[in-house]
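Enquirer: Dropping a structure here in structure tokens format, bear with me for questions.
The values are calculated or read from the model by the stated rules, or taken from the named source; none is laboratory data. Note that the coordinates shown come from a computational prediction; the quantities given were computed from them, not determined experimentally. Glycine gets a Cβ as well: all are built from the backbone with ideal geometry, and neighbour counts include every protein chain shown. The area values use the complete protein model at the heavy-atom level, side chains included, leaving out ligands, DNA and RNA. Shrake-Rupley method; radii C 1.70, N 1.55, O 1.52, S 1.80 Å.
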Amino acid sequence: MDKRRLQKKLEGIFGALTALVIRFRILVLLVLLITVVLAISQIKTLKIDTSNEGFLHEDDPILTTYNGFRDQFGRDDMTAIAIHSDNIFTVEFLQKLQKLHNELKENVPHLWDITSLVNARNTRGQGDVLHVDDLLVDFPHTDKELARLKELVMNNQFYRNMLISEDGKMTAIVVESAVYAVKGESDLLSGFDEDLTKSEQIEEPEYLSDEESTKTVEAIKEIARTYDSEDFRVYVAGTQVITQTLKTFMMRDMKRFMKLSILTIGICLFVMFRRVGGVVLPLLVVGLTVVTTLGIMAASGATFKLPTIILPSFLLAVGVGDSVHVLALTFLNMRHGITKNKAIVEAFSHAGFALVMTTMTTAAGLASFSMAKVAPIADLGIFCSVGVVIALIYTFAFLPAALSLWPLKVRSSEKSSDSLHKSNRMDRLLAWIAEFSIRRYRVLLILSLTIVAVGIVGLTRVYFSHNVLTWLPEDLEVRRSTEVLDHELRGSVALEMIIDTGRENGLYDREVLLAIERLSKEIESDYENKELFVGKTISLTTIIKEIHQALHENRPEFYKIPENAKLIPQELLLFENSGSDDLEDMVDSQFSKVRVSFKVPWLDALLYVPFIKDVEQRFRNEFEDNELSGDEDLTVTVTGIMSLFGQIVHATIYSAAQSYGIAIVIVTLLMVLLIGQVRLGLISMLPNLAPIVTVLGIIGWCSIPLNMFTMLVGSIAIGLSVDNTIHFMSNFRKYFAETHSIETAVNKALMTVGRALLTTSVVLSIGFFIFMFSYMNNLFEFGLFTGIIIILALLSNFFMAPALLRLAVDESEKS
Amino acid sequence: MNTIKLLQSVVVTTALLLPFSDVSAEPVDGRWIMEQVDARDDGDNMIADSVMILIDKNGNERLREMKIFSKDKGKDTLRMQFFHAPADVKDTGFLTYDYYSGEKDDDQWLYLPDLRKTKRIATSDKSSAFMGSDFSYADMTRRVVDEWNYKVLKEDEVDGQKVWLVEAVPVTRAVEDRYGYKKSILFVRQDIFIEVRAIHVLQEAQKVKYMEVKQLEQIDGIWVATERWIKTTRSKRTLHRTKLIWDNVRLNQDLEESFFTVRQLEKGI
């Protein structure tokens, strides 16, 4: 009976520990107070980031490439202020547009560049004169001038689908924010350096933070709103706008969740204990847990990102379980006439080990995310597991100390027949469950098997998605604006191809330019009329064609790469001298690297993946494999916001598979270890896996795509639902060893822990169902599915677990 | 030495010495300083070999070599430039008429050898980049003294020489737009009235340009800045730099006005 001795020994340790806490309770509370104050002081430094870059780890190669691209060419996630009007080419409209343009230019923080019809590059030839001007530098007034302007704009290849829609009824102001953050007001006079050739000792540049870009977007929206009118319909869209909207929703949701969680958990606690202490103390434990976890998060430099929103309410719901078990036992002991402090010590010595084990399984389920390629999911895994461990520590330290100070009395009503009657009803239900599940074990198992089988078929239909826009409510302005922009200006997201010729002036090579031109046209036409179409392609060739045409009296037949290759560098030199800095956005100063931008509509990132592959392959075939013009150093790189989306989808799928694998293996191992028997350990996993398979199956059958949030449900749920099994199995084994009767053991086990299981499961599922009150669709689904799994797991532990035991355990065998 | 001259020199000396005295009596007038700068003989009828090194934010360099001819026509400047290097733009030529008066747009002609055509480039402002460098056309010519309000900020030393730091702010918004500068701080050497450093705050958000004279030579008795470095920064980060070096500077050459014509541009040198 080694095991029993071990159990006694463990109980002794937990009891002694609790007695020690009670003895030094003031000191313990003081230490906890200091810890919490420290944590609170850290929380202020917690940063929020809802950007697309934030989904990936800082060292993700895709992100590194993207940052390199931004360093060289600037940002590709522009904000577009699109304006719809039937009268764009009128003096009134253009004046208003100009006013808006200037107001944005002067008032939007962190603005890097702003382009609209007001200052659009206008390169044109007029006889022997070459004009390189801002489009509206000579503001039109007469009808004739307006008509000429319209003709010029509508025929300009560069403006089409960027600054003007094909029907001439929508124009856009495109705002590019800065890549780097501004570091304070610089002292003007300190800008000289002694030697210009030496690299300056400036600090590592910091990218514009999510917070700073929020300020940009807010200012844009604020200004744009005041211009919105009947014949000047303003739509603000772009990746940064979406990011900022998500953040607003996240903050609103979080406050909502916290309030609802505390309220519902409070109500559950009151229903169960009907005592102020029974409500306040557990809430304090979990409240302090959340504060401390957020403090640790802030101190470790982690940022609060979209998926992290789950963390506070998750910890509230999960952490409260520990206190519930301890309090239930304490009150039970007190009803049996044991004095308060002794009742507390006995409660901990009885439940301590189970609490540690259940915390470990929960933490293991969550920790399975810690290696996720999606950065915030990894953070969520790490800090949620840290959080549940903190909840356990607070339960062990804070609860006994506070409980022993809290005035607790055994109320006479608790001994009344009313409450006995109630508990009898509950006991009768539990007894019936025990009996039913053993008697009808075949029916139950066949039913379970059928459900699981249907679930498994559904599993094969599960697919992934990443489209943050669909997380937002359908009638939201930014969703509509994005749709309008995608429709009228043919796209709002860019894929960027970088061709590096590996040598200075490599782009003077006419063959390279022609190849870019040919590929762009091919890709545009191959994706025409598809859901994913290419609305516009911009590259260095756009400028060369433009200037070549301007040098030939604007004749349309000269809108092409010059026949005479020698003209290319000369025309580019001319362009550089014309005062335009537009080349910087397209090519490096050495003319060795060029960017080709494909504008596409905002779609599910899953659709981007094959497109990215296809475009990349075409460029590789053309440039790398063909060894065009004998250039072996030529490389092709794919990047841009769209490639980030692609990588996020890839990372989501990979992380999901990885975390499910890890969670199942670790939790199963823990179960086997805990039960001390491989077969029983494996069997006890079945009631916990079945609900997950079932719910994922439903998701598959309903054709609901798994996203970054709903992919979490399985790994989170498995760590939680096995807690039920642990409590149930440890009791079952104890009673089975005593009685050698499965039915009696199941009955006794359910009578002992059944109520606590019911309460914790109800609290947990409510904790997740609360997410259904989210303004965001993805959180709604996450809450719904996890909540259902928790309820199903309770049912399967009540019905399926005993039935399985009936099938698998031989009554004659000694446990 | 007659009394008037004596008086004059006393006045000038006093003006020069005033800032050094602890008693802050009449400070030196900024406008007066800039008038001295404007009045200084900066040479005429110049021929020089110009080397321009363009350095991008990653430290990559591009070299441009040009032959420069320039002539003053009243307060206007005529300038002819031919590219020598790099080879692929060799013989490309620029002819510019920089008008002192801000009212008139500069004229610029360009000759592309492989197009065999001259085009006039209509430029609307002086703020655009000079030959793709960090210098603007305005930086390459003389400023109209009346278009700016001046204030002496302080005195300092640059390379051991005493300078005034003069702040210049455009008189009107139109001037500001034309130059693209919200303000400039000019470092004027007190002994020879030459700007040896300049800070230009651009209209464009957070952009500031820093110019330094790295080499000052006296040629035929006239001070010429033969090496100038300039960098464009934004929020302290350097976006681009240019080193402009003049070699073989010859002043008072026999340059006729008839040399600065489109005909000559197409003919080359």
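Enquirer: Accessible area per residue of chain A at 1.4 Å probe, in Å²?
Expert: Per-residue value: 41 Å².
Enquirer: Given a Förster distance of 25 angstrom, what is the FRET efficiency for B:Ile269 paired with B:Asp76, based on the Cβ-Cβ distance and rounded to 0.05?
Expert: The value I calculate is 0.70.
Enquirer: Next question, about the same structure. Cut-off under 20 Å on the C-alpha distance; same-chain residues fewer than 8 positions from A:Lys340 excluded. Which aspartates and glutamates are left, in chain and number order?
Expert: Straight-line reach from A:Lys340, under 20 Å: A:Glu11, A:Asp322, A:Glu414.
Enquirer: So how much slack lies between A:Ile267 and A:Glu563, counting 0.36 nm per residue of separation and subtracting their Cα-Cα distance, in nm?
Expert: Value of the extension gain: 98.6 nm.
Enquirer: A follow-up question, please. Using 0.36 nm times the number of residues separating A:Thr470 and A:Glu504, minus their current alpha carbon distance, what extension gain do you get?
Expert: Gain in length upon complete extension: 7.8 nm.
Enquirer: Taking a point 7 angstrom from the Cα of A:Ser190 along the C-beta vector, which residues in segment B:207-247 have backbone N less than 18 Å away?
Expert: B:207-210, B:233-238
Enquirer: Sticking with this one: Counting only protein heavy atoms and rolling a 1.4 Å probe, how much accessible area do B and A lose on contact, total for both sides, in Å² to 100?
Expert: Result for this pair: about 4700 Å² buried.
Enquirer: Within segment A:482-519, report the GluC sites (Glu not before Pro) that DSSP leaves as loop and that have at most 16 other Cβ atoms within 10 Å.
Expert: A:Glu504
Enquirer: Here is a follow-up. Any idea how far apart B:Asp220 and B:Asn149 come out in nm if each label point goes 7 Å out from Cα toward Cβ?
Expert: Each label point is offset 7 Å from its Cα along the Cβ direction, giving 4.0 nm.
Enquirer: Another question about this same structure. Cβ neighbours within 10 Å, averaged per peptide: list A:781-787, A:20-26, B:261-267 in order, most packed at the top.
Expert: Packing proxy ranking, top to bottom: A:781-787, A:20-26, B:261-267.
Enquirer: With a cap of 16 neighbouring Cβ atoms within 10 Å, and only residues DSSP puts in a loop, list the trypsin sites (Lys or Arg not before Pro) found in segment A:478-555.
Expert: Sparse-neighbourhood loop trypsin sites (Lys or Arg not before Pro): A:Arg503, A:Lys530.
Enquirer: Would you mind working out the magnitude of the charge dipole of segment B:38-267 relative to its Cα centre, with +1 at each Lys and Arg C-beta and -1 at each Asp and Glu C-beta, to the nearest 20 Debye?
Expert: Around 920 debye, computed over segment B:38-267.
Enquirer: Could you work out, residue by residue across B:89-98, how many beta carbons of other chains sit within 10 Å of that residue's beta carbon, and then give the average as an integer?
Expert: Mean partner-chain Cβ count within 10 Å for B:89-98: 2.
Enquirer: If you don't mind, another one. Mind giving me the nanometre distance, one decimal, between the label points for A:Glu738 and A:Met751, set 7 Å out from Cα along Cα→Cβ?
Expert: The modelled label-to-label distance comes out at 0.9 nm.
Enquirer: Determine the percent antiparallel among the DSSP beta bridges restricted to chain A, to the nearest 5.
Expert: Percent antiparallel among DSSP bridges in chain A is about 90.
Enquirer: To the nearest whole number, what is the average tally of beta carbon atoms from other chains within 10 Å of the beta carbons of peptide A:697-709?
Expert: Per residue, the number of nearby Cβ atoms from other chains is 0 on average.
Enquirer: Something else about it: Sort out for me the Cα centre separation of segment A:1-47 from segment A:752-815, rounded to whole Å.
Expert: Here the two parts' Cα centres lie 28 Å apart.
Enquirer: Right, something else. How much length, in nm to one decimal, is gained on full extension between A:Asp59 and A:Glu230, taken as 0.36 nm per residue of separation minus their Cα-Cα distance?
Expert: 56.8 nm
Enquirer: Can you pull the mean other chain C-beta count within 10 Å for peptide B:102-114?
Expert: Averaged over the peptide's residues, the number is 3.
Enquirer: Can you list residues whose amide H is under 5 Å from B:Ile121's amide H, if they're 5+ apart or on another chain and H is modeled 1.01 Å from N?
Expert: Residues meeting the amide H criterion: A:Leu130, B:Gln108, B:Trp109, B:Leu110.
Enquirer: Enumerate the lysines that B:Lys231 could reach by cross-link, defined here as Cα to Cα under 20 Å, with residues fewer than 8 away along the same chain left out.
Expert: Here the lysines satisfying the reach criterion relative to B:Lys231 are A:Lys183, A:Lys198, B:Lys57, B:Lys126, B:Lys182, B:Lys183, B:Lys207, B:Lys209, B:Lys214, B:Lys243.
Enquirer: So how strong a dipole does the protein assembly as shown carry about its Cα centre when Lys and Arg Cβ are +1 and Asp and Glu Cβ are -1, to the nearest 20 debye?
Expert: Result for the protein assembly as shown is approximately 7660 debye, rounded to the nearest 20.
Enquirer: Separate question: Looking at segment A:469-599, what % of its DSSP beta bridges pair antiparallel, to the nearest 5?
Expert: Of all bridge pairs located within segment A:469-599, approximately 100 percent are antiparallel.
Enquirer: Using a cut-off of under 19 Å, list every residue of segment A:583-600 whose amide N is near the label point 7 Å from the Cα of A:Phe533 along the Cα-to-beta-carbon line.
Expert: The answer is A:597-600.
Enquirer: Whenever you get a sec, compute what percent of the accessible area on segment B:38-267 sits on carbon and sulfur atoms (1.4 Å probe).
Expert: Looking at segment B:38-267 in its full context, I get 43 percent from C and S.
Enquirer: To continue, here is another question. Mind listing the phi-derived Karplus ³J(HN,Hα) values for segment A:440-448, rounded to whole Hz, using 6.51, -1.76 and 1.60 with θ = phi - 60°, and x for any glycine or proline?
Expert: Each residue's phi maps through the Karplus curve to give 9, 5, 5, 4, 4, 5, 5, 4, 4 Hz.
Enquirer: Putting +1 on Lys and Arg Cβ atoms and -1 on Asp and Glu Cβ atoms, find which of B:Ile230, B:Tyr179, A:Asn777 reaches farthest to the positive end of the dipole of the protein assembly as shown.
Expert: The one lying farthest along the dipole's positive direction is A:Asn777.
Enquirer: Now for a different question. Using modelled amide H (1.01 Å from N, peptide plane; none on Pro or chain starts), what sits under 5 Å from the amide H of A:Lys560, excluding residues fewer than 5 places away?
Expert: Excluding prolines and chain starts, which carry no amide H, the hits are A:Gln549.
Enquirer: Can you find, among A:Phe232, A:Ser41, A:Val386, the residue farthest towards the positive end of the dipole of chain A? Put +1 on the C-beta of Lys and Arg, -1 on that of Asp and Glu.
Expert: Checking the options against the dipole of chain A, the answer is A:Val386.
Enquirer: Hey, another quick one. What residues from segment A:321-339 fall in the zone where the backbone N is under 17 Å from a label point 7 Å along the Cα-to-C-beta line of A:Val280?
Expert: A:327, by backbone N distance to the label point.
Enquirer: Still on this structure: What distance in nm separates the simple spin-label points at A:Asp625 and A:Tyr654, each placed 7 Å from Cα in the Cβ direction?
Expert: Once both label points are built, they end up 2.4 nm from each other.
Enquirer: So what is the calculated 222 nm ellipticity per residue for chain A, using -39500 (n - 2.57) for each DSSP H run with n of 4 or more, over all residues, to the nearest 500 deg cm²/dmol?
Expert: Mean residue ellipticity, 222 nm, calculated: -21000 deg cm²/dmol.
Enquirer: Apply 1/(1 + (r/R0)^6) to the Cβ-Cβ distance of A:Asn102 and A:Arg23, taking R0 = 60 Å, and write down the FRET efficiency to the nearest 0.05.
Expert: The value I calculate is 0.25.
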